[in-house]
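Data block below; observations after.
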């Protein structure tokens, strides 16, 4: 079943256009695991206000400042989310 397409209609309405072949295909939307991982990491980091994280390709990059005594606790909580790797770019307070 073909649905009306505004791109196709617009193209057909242009001066000089004789015909339009519509080969537009809409692929299914896939939500990657990075979105869920980022949400989990952000939830963990609410307890650590000086720390931020970038999540890319299931790797968590930590940056900012954290108290030395809280580092292990924070990394264990993030590890429980099962990232491929945690890269520590943190400065210690």
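Rule-based calculations on the coordinates, nothing more; no lab input. The structure presented is a predicted model; accordingly, all values stated were derived computationally and were not measured. When we count neighbours, we look across all protein chains shown, and the Cβ atoms used for this are built from the backbone with ideal geometry, even at glycine.
Going by the conditions given, is residue 93 loosely packed, with under 15 Cβ neighbours inside 10 Å and touching a residue at least 40 places away in the same chain (Cβ under 8 Å)?
yes
Residue 82: surrounded by fewer than 15 Cβ atoms within 10 Å (Cβ to Cβ) and in a strand (DSSP E or B), yes or no?
no
Name the residues in the range 15-57 that are without any contact (Cβ under 8 Å) to a residue 40 or more places away in the chain, in a loop (DSSP other than H, G, I, E, B) and surrounded by 10 or more Cβ atoms within 10 Å (Cβ to Cβ), would you?
17, 20, 22, 32, 47, 48, 49, 57
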